[in-house]
Amino acid sequence: MGWLTKIFRGSTHNISEGQHQSKPAEEATWNEPSSSTVVTDVISEFDTEDIDRAIALSLSEEEHRKSKGAGKDLHLDEDELFARAIQESLNVESPPRARENGSPPRAREHSSQPRPRENGSSNGGHSFQQLPYMFSSGFRTCAGCHSEIGHGRFLSCMGAVWHPECFCCHACNLPIYDYEFSMSGNHPYHKTCYKERFHPKCDVCKQFIPTNMNGLIEYRAHPFWLQKYCPSHEVDGTPRCCSCERMEPRESRYVLLDDGRKLCLECLDSAVMDTNECQPLYLEIQEFYEGLNMKVEQQVPLLLVERQALNEAMEGEKAGHHHLPETRGLCLSEEQTVSTILRRPRMAGNKIMEMITEPYRLTRRCEVTAILILYGLPRLLTGSILAHEMMHAWLRLKGYRTLSPDIEEGICQVLAHMWIESEIMGGSGINATSTSSSSSSSTSSKKGGRSQFERKLGDFFKHQIESDTSMAYGDGFRAGNRVVLQYGLKRTLEHIRLTGTLPF
């Protein structure tokens with residue numbers, strides 16, 4: 001029996017159906033039920049009588065070894081299986097051909113375990129999948145390289161079969177050897193690549209936005225800029241630009257103004273910093289009003305001031321006017337002394353230094369003594385505030401009665417909105433009344449092309465006016481803009497002068 005065992009020992013596990021080779025775990029492979037090739041090629045060297053004798057001898061030895069104890073049970077089972085396999089092989093038809101060198105063909109790898117189902121959503125949404133590794137028992141076409149898979153390990157997922165090296169991540173195009181992978185649509189991803197591409201990152205700290213206690217990704221987003229950020233940044237002191245309202249990213253530094261406000265570098269690029277620098281913009285807006293047949297005859301001083309000076313001037317006004325929580329412009333009617341910015345401050349690093357101011361005594365010669373604008377704001381925002389305050393001045397100088405906050409602030413916002421719109425459109429067919437003069441168009445044509453950010457900034461300031469939620473400024477603008485579009489600016493102003501209300 002010893003010689004027979006030596007010849008057939010290597011084919012024992014290949015013949016047994018669905019059995020797993022006794023290798024270490026990391027080297028384990030699955031073998032399919034072998035055809036009769038392995039056995040019959042060897043059997044052909046022996047006659048039937050010799051084999052029958054070997055089988056009988058094996059069975060006799062088996063009975064004899066039972067009395068030697070349980071220590072040899074494993075070898076006994078192996079010989080018994082071997083003998084049965086030889087007997088079965090005698091009844092199996094020989095293969096159509098054998099290899100030329102007489103060596104038996106290598107057994108194909110096969111898994112007897114059922115094919116695992118895909119673990120994920122059936123509608124192609126984002127999901128996590130598990131790689132179902134299997135072993136080929138026949139020729140199938142790889143969905144990646146479109147060649148035959150043949151013998152060996154393959155993947156069955158996404159309704160197709162793949163060579164393991166052909167199943168690649170849609171992002172990095174590298175094979176996915178991980179046990180789990182992610183899906184988006186019909187594309188597989190490494191879990192890390194999927195997170196990098198689809199998990200939202202905070203635009204402030206540049207980290208992946210964490211999940212909340214319910215396991216959901218929760219973040220905040222600016223309604224216009226769509227800047228995404230972690231909810232924690234609303235309470236951790238992260239500064240915002242006082243102009244565009246965007247949060248300061250960690251890798252950049254906003255400019256710190258002397259009154260505590262912060263200004264992003266894009267807004268700083270066109271910021272108006274002192275009174276003299278604002279005078280050309282003041283002349284442009286005066287021309288804009290002239291183009292609307294609303295020329296301001298009186299010479300009203302325009303001063304750029306710090307926040308503290310603006311708040312003090314507001315407190316000095318006897319007549320109470322409606323103001324936003326943070327006032328950025330003021331139309332004065334009383335005599336008082338105001339501290340105005342004389343010269344553009346110097347910058348040191350990311351701070352404004354050496355702010356030079358001087359007192360300016362306001363004298364009442366008409367219903368309006370001065371217009372004050374907060375310094376350090378970009379040109380388009382400064383201009384829209386100035387256009388708003390110019391409308392306050394125009395109403396007072398033209399003798400309009402005291403109006404309710406929603407009527408007066410609303411119509412002033414309409415003029416601010418019209419000016420921004422004319423600046424964005426470059427002076428080519430600009431306002432609701434279509435009465436702009438050639439002087440307004442020529443002034444706009446001198447400005448040249450605006451940067452992409454400045455145009456976007458102008459759209460943001462328009463959006464701020466249009467989406468304001470306050471009763472006086474927001475509701476007042478929407479009501480005023482609606483009647484101006486319907487009746488025109490001239491008829492609307494005439495109705496306000498006579499009735500103190502908007503036309504129906």
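The values are calculated or read from the model by the stated rules, or taken from the named source; none is laboratory data. This is a predicted model, so every value here is computed, not measured. Please note: Cβ atoms are built from the backbone with ideal geometry, for glycine as well, and neighbour counts cover all protein chains shown. The protein model used for the area step is the full one, side chains on, heavy atoms only, and it has no ligands, DNA or RNA in it. Shrake-Rupley method; radii C 1.70, N 1.55, O 1.52, S 1.80 Å.
Key figures for this structure:
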item	result
From G476, G500, residue being out of contact with any His (no Cβ under 8 Å at 6 or more places or on another chain), at pLDDT below 95 and open to solvent by less than 40 Å² (accessible area, probe 1.4 Å)	G500
Qualifying residue in region 253-263 (condition: open to solvent by 40 Å² or more (accessible area, probe 1.4 Å), basic (K, R) and over 30 Å from E334 (Cα atoms))	yes
Evaluation of S127 against (1) within 30 Å of L216 (Cα to Cα); (2) out of contact with any Phe, Trp or Tyr (no Cβ under 7 Å at 6 or more places or on another chain); (3) modelled with pLDDT of 85 or more; (4) surrounded by 13 or more Cβ atoms within 10 Å (Cβ to Cβ) (one fails), failing number	(3)
Test: residue in region 343-365 that is touching a Pro at 6+ places or on another chain (Cβ under 9 Å), under 18 Å from F461 (Cβ atoms) and open to solvent by less than 40 Å² (accessible area, probe 1.4 Å)	no
In region 216-232, the residues that are within 17 Å of the chain's Cα centre (by Cα) and not aromatic (F, W, Y)	L216, I217, E218, R220, A221, H222, P223, L226, Q227, K228, C230, P231
Within region 277-304, considering residues that are within 23 Å of Q336 (Cβ to Cβ) and polar (S, T, N, Q), the one surrounded by the fewest Cβ atoms within 10 Å (Cβ to Cβ)	Q299
Odd one out for S182 among (1) more than 30 Å from R346 (Cβ to Cβ); (2) at pLDDT below 90; (3) of a type in the set (G, A, S); (4) open to solvent by 30 Å² or more (accessible area, probe 1.4 Å)	(4)
Close pairs (8 angstrom Cβ cut-off, 6 or more residues apart or separate chains): outside any helix (DSSP H, G or I) in region 467-483, surrounded by fewer than 16 Cβ atoms within 10 Å (Cβ to Cβ) and modelled with pLDDT under 95 anywhere	S470/L324
Top-ranked residue in region 366-401 [being aromatic (F, W, Y) and either under 11 Å from V300 (Cα atoms) or crowded, with 21+ Cβ neighbours inside 10 Å (or both); ranked as farthest from the chain's Cα centre (by Cα)]	W394
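This table checks each residue for (1) β-branched (V, I, T); (2) touching a residue at least 12 places away in the same chain (Cβ under 8 Å); (3) within 25 Å of R455 (Cα to Cα).
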site: I209; (1), (2), (3): yes, yes, no
site: G215; (1), (2), (3): no, no, no
site: P249; (1), (2), (3): no, yes, yes
site: Y254; (1), (2), (3): no, yes, yes
site: C267; (1), (2), (3): no, yes, yes
site: E306; (1), (2), (3): no, yes, no
